[in-house]
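The values are calculated or read from the model by the stated rules, or taken from the named source; none is laboratory data. Just so it is clear, the model here is predicted, and its values are computed rather than measured. Cβ coordinates were reconstructed from backbone atoms using ideal geometry, including for glycine residues, and neighbour counts include every protein chain displayed. Protein only, heavy atoms only, side chains kept; ligands, DNA and RNA dropped before computing areas. Shrake-Rupley method; radii C 1.70, N 1.55, O 1.52, S 1.80 Å.
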Amino acid sequence: MKIHTQSLLALAALVGVALAEEKESSTKVVSSTTSSTVTPCVATATSGAFYDLRPDTAVVVAEGAKAPKGVPTEDYLARGWDYGSNFTLNICGAVVKRVGDVEGVDKASWKNISAYYEHGGKTYSLGLQSGTLVPRGRKLVLQYSGGSPCGLSDDKSKDKRGGVHEGAAYRPYDNEDDEEPKPKSKDSDKVTEKDKEKEKEKEKDKGKEKETAKEKEKGKEKAKTARRKSATISFLCDRDPEIPTAASFIGTDPDECAYFFEVRSQHACAGVEPHKPGSVGPGSVFAIILLIAVLVYVVGGVFYQRTVAHARGWRQLPNYSLWSGIWGFVKSCLSGISRLKSGL
C-alpha cells in the first residue's frame, strides 16, 4: 500500500511540474507578445510567408574595427539614367554616408535620412528611415516619407503661363459699341453725397475681396509646400546567391514627389518563420505528448490492476512481469561487468 501511494504521489508531482512549465512558457509568450514591438525590416504575409531583410541593411563600421562577414557596409546606388541624378539609399536604415545641408529638412533629421540625391550642388532627401515592410501578394514594399519639399511652386506655374509680349495693342471685344460717348450734361457733373457713400462702400468691398483672394493664395502656397518627397521600394526575389543585392530606379511622378525603386535580393524570397524564444517548439510538443502518454499508461494500468486484477504492491504496475524481467536482465549485466573488472 505504501508503494502504491508513493507511486501515485510521484505521478502527481510529475504532472504538477509539467503543468507549471507549460504555464510558465505560456506566460512568457503572452508577455513577449504584449510588451515587445514589431521587429523592423521583418514581415509575415497573410499566407504565412516570412520575410527578413535585415541582412540587406548596410551598417556603419567603427574605425579600426573589422567589418562583419556577409553584412553590407556601403550604401546602395541606383543610376538615374535620364533623370539627371543618381540616387543613394539604404534598406530599413539610415544611409551610411552622412549627408548635410539637406533642402527643407531639419538638421536633427539628417542622420535619419534613408534615401537622397544631389542635383545642382544641392542635396534632396527622399524620406526618413522606416522598417515597416508591407507584403502585397508576391511583392514586398518598403516606403520612406518626410523628405524634402516638392510640388510646383507659384514661380514655376507662372513660367508655364504665357505672358503678354511687348508692343501688344489693345484689341476691343466684338460686343463693344463703336459709338462715341455722349457729352455729359451739367447736371451729371454734380455728384451728390449719396453717390460718394456708394463709391466708398464699393471700394471697401473691393478691398475685402482682395484680402480674401490673398488668403486663398497663401493657403494654396501652404498646401503646396506641405507636400514632401517620398520613396517607394519594391523588392523582388532573386535566389541566385552569387548575385549581390542591387537597387534600380524606376521613375517618378510629374511633380517629382514620389520616387519608385526596385531591389532584387535573395532575402526577399519567402521563407519559414524561425522559432521564437519562449514559445513551444516541435521538441517541446513531442515531449509533452510523450509525457501524457506515459502518465495515461501508468495511471490507467495501476487503476486496472488494482480494481480488476486485485493486485497489490509492485504488481499493480502495468506489465509488471515485463518490466521486472528487464530490470533482472540489467542487474545480471551489471553484475557480469563487475565480475569481469574484479577478475582483471
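Points to keep in mind about this one:
- Those residues of region 113-138 which are polar (S, T, N, Q) and open to solvent by 50 Å² or more (accessible area, probe 1.4 Å), in sequence order: 129, 132
- Tally, over region 93-104, of residues that are open to solvent by 20 Å² or more (accessible area, probe 1.4 Å), over 20 Å from the mean Cα position of the chain (by Cα) and at negative phi: 5
- Flag if residue 245 is modelled with pLDDT of 75 or more, of a type outside the set (Phe, Trp, Tyr) and either under 22 Å from the mean Cα position of the chain (by Cα) or under 26 Å from residue 95 (Cβ atoms) (or both): yes
- Against the conditions (1) at pLDDT 85 or above; (2) farther than 30 Å from residue 90 by Cα; (3) aliphatic (A, V, I, L, M); (4) surrounded by 13 or more Cβ atoms within 10 Å (Cβ to Cβ), residue 292 satisfies every one except (4).
- Screening residue 107 on (1) loosely packed, with under 14 Cβ neighbours inside 10 Å; (2) within 18 Å of residue 77 (Cα to Cα); (3) of a type outside the set (Ser, Thr, Tyr) shows it passes everything except condition (2).
- Residues being part of a loop (DSSP other than H, G, I, E, B) and either farther than 16 Å from residue 261 by Cα or not aliphatic (A, V, I, L, M) (or both) - total across region 120-145: 9
- Taken over region 91-107, the criterion of being part of a loop (DSSP other than H, G, I, E, B) and either at pLDDT 95 or above or among the hydrophobic types (A, V, I, L, M, F, W, C) (or both) is satisfied by 91, 92, 94, 95, 96, 99, 105.
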